[in-house]
Protein chains: 2
Amino acid sequence: MEIKVLHQVMDWNEDVSEQVKKELADHQVCMINIMGSPGAGKTSLIVSLIEQLRTKWRIGVIEGDITGQIDAERIAALNIPAIQLNTDGACHIEAMSIQNLLPHLPLDDLDVIFVENIGNLVCPAEFKIGESMRITILSVPEGDDKVEKYPLMFTETNCLVLNKYDMLPYFDFDEDRVRCHYETFCPGAPYFPVSCRTKDGLEHLCEYLSEQISAAIRQ
Amino acid sequence: MEIKVLHQVMDWNEDVSEQVKKELADHQVCMINIMGSPGAGKTSLIVSLIEQLRTKWRIGVIEGDITGQIDAERIAALNIPAIQLNTDGACHIEAMSIQNLLPHLPLDDLDVIFVENIGNLVCPAEFKIGESMRITILSVPEGDDKVEKYPLMFTETNCLVLNKYDMLPYFDFDEDRVRCHYETFCPGAPYFPVSCRTKDGLEHLCEYLSEQISAAIRQ
């Protein structure tokens, strides 16, 4: 169970996050933390990114879930190194869990690790996990008021992906409302409307990610 | 920020939950805790329930949100007593927050209080808040794997509402998968497919809720 606590724990997580970051840098690996609500399409996005980026980058995946291994099996079926991280009830991933997992990934044979965080628009944003960058994914059916209502998730991020964009005609969704509030929280940060089903919009996102991965592993 | 902690805090929350429950029973008020992901349709469900139940029951609403008062304003516009509860970053409502709010509601003039919990399919399920019953709401666009992946939310509940049921033709959603896993977690518990947009299915849910409210306030 969960409760508000002390700065010490946050500091400890930050320390471990920095250690993870350093270890990944030593191996020239870029880790990307993907966060969003249950059902926003995090796994579908990772599958789509693998399809489009695997010819250019060597990809690994860490699948965070409270329980089960449905998602890791889906990724492993693509012949991509995938590890399932079960939090056993916890609502977010912490840096220590990532640190414990790293020895099980072939870091010298990877350029990028996608981490699928727990489906949760609140807590994951509070915990750094050693990532080079963060993607927040929102989906059209969730509604256009989510940026305002869950501000931290749309502030502590590097880019916003609006998924299920092909569903726009079926929902009362004001895209400008989302963009306007996101621009307030993250001025100038990139925004990508995509559909992981139709694959529309993914090209722009993949171009952007390739630039970010290049920059991260060159550092 | 959040972290795993001690039984003491859980026990303390349970104690306060019992106190809230007793206070509500003294006033013959039934409190219903509504939980689900961001965008599942919790506010829309409450609006629909108000429309259908207000001639029979005197209704009040507590709107839980991390920040802002968008939802409480929407409810207050219906001329229903509504209080916005901001958790200032916390990902769930605790019993103490409800206890602090009760003096601000006209308990002697209410039969039922709907509490909209924070949009989160994980943490709210762990915290009793003095409620007589719980509704978990899932929506079709979230996907048919959510019951398995977030088991506590579908175990610690009294009924499951599947919202946005009118969207079924547009999504690859296996309803039997949801029902089957839910039946495993909550044998015999009621399940209501509804659309808060078209209003389909709400009648059955409202009949059930009326029975539950009657039973709760007669105790």
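Filter segment B:108-122 down to residues that are free of Cβ contacts under 8 Å to residues at least 60 places away in the same chain and at the interface with another protein chain (Cβ under 10 Å from one of its Cβ atoms) and give me whichever is surrounded by the most Cβ atoms within 10 Å (Cβ to Cβ).
Of all residues in segment B:108-122, those free of Cβ contacts under 8 Å to residues at least 60 places away in the same chain come to B:109, B:118, B:122.
Adding the requirement that they be at the interface with another protein chain (Cβ under 10 Å from one of its Cβ atoms) leaves B:118, B:122.
Details: B:Ile118: 23, B:Val122: 26.
Here the answer is B:Val122.
Taking B:Ile66 and the conditions (1) at pLDDT 95 or above; (2) farther than 17 Å from B:Val16 by Cβ, which numbered condition does it fall short on, given that it satisfies the others?
(1)
Could you please find all residues in segment A:87-113 being under 18 Å from A:Ile213 (Cβ atoms) and either among the charged types (D, E, K, R) or modelled with pLDDT under 95 (or both)?
Across segment A:87-113, the qualifying residues are A:Asp108, A:Asp109, A:Asp111.
Being in contact with an Asp or Glu (Cβ under 8 Å, 6 or more places away or on another chain) and at positive phi is the requirement here; does B:Gly130 meet it?
On the way: in contact with an Asp or Glu (Cβ under 8 Å, 6 or more places away or on another chain): yes; at positive phi: yes.
It is true that B:Gly130 is in contact with an Asp or Glu (Cβ under 8 Å, 6 or more places away or on another chain) and at positive phi.
Return the only residue of B:Glu131, B:Glu116, B:Glu156 being more than 21 Å from B:Val47 (Cα to Cα) and either acidic (Asp, Glu) or at pLDDT below 95 (or both).
B:Glu156 is the lone residue from the list that is more than 21 Å from B:Val47 (Cα to Cα) and either acidic (Asp, Glu) or at pLDDT below 95 (or both).
How many of the residues in segment A:94-107 are in a loop (DSSP other than H, G, I, E, B), surrounded by 15 or more Cβ atoms within 10 Å (Cβ to Cβ) and more than 12 Å from chain B (Cβ to nearest Cβ)? So that I can check it myself, show each step before the final result.
Kept after step one, since they are in a loop (DSSP other than H, G, I, E, B), are these residues of segment A:94-107: A:94, A:105-106.
The next check asks that each one be surrounded by 15 or more Cβ atoms within 10 Å (Cβ to Cβ); those that pass are A:94, A:105.
Still in the list and also more than 12 Å from chain B (Cβ to nearest Cβ): A:105.
Residues flagged as in a loop (DSSP other than H, G, I, E, B), surrounded by 15 or more Cβ atoms within 10 Å (Cβ to Cβ) and more than 12 Å from chain B (Cβ to nearest Cβ) within segment A:94-107 amount to 1.
Name the residues in segment A:114-153 that are in contact with a strand residue (DSSP E or B) (Cβ under 7 Å, 6 or more places away or on another chain) and polar (S, T, N, Q), would you?
A:Asn117, A:Ser132, A:Thr136, A:Ser139
Cβ-Cβ below 7 Å, separation at least six or inter-chain, first residue in segment B:182-208 and among the basic types (Lys, Arg), second modelled with pLDDT of 95 or more and buried (at least 17 other Cβ atoms within 10 Å of the Cβ): which pairs?
Cβ pairs passing all conditions: B:Arg197/B:Asp166; B:Lys199/B:Ser48.
The values are calculated or read from the model by the stated rules, or taken from the named source; none is laboratory data. None of the values given here were measured: they were computed from a predicted structure. When we count neighbours, we look across all protein chains shown, and the Cβ atoms used for this are built from the backbone with ideal geometry, even at glycine.
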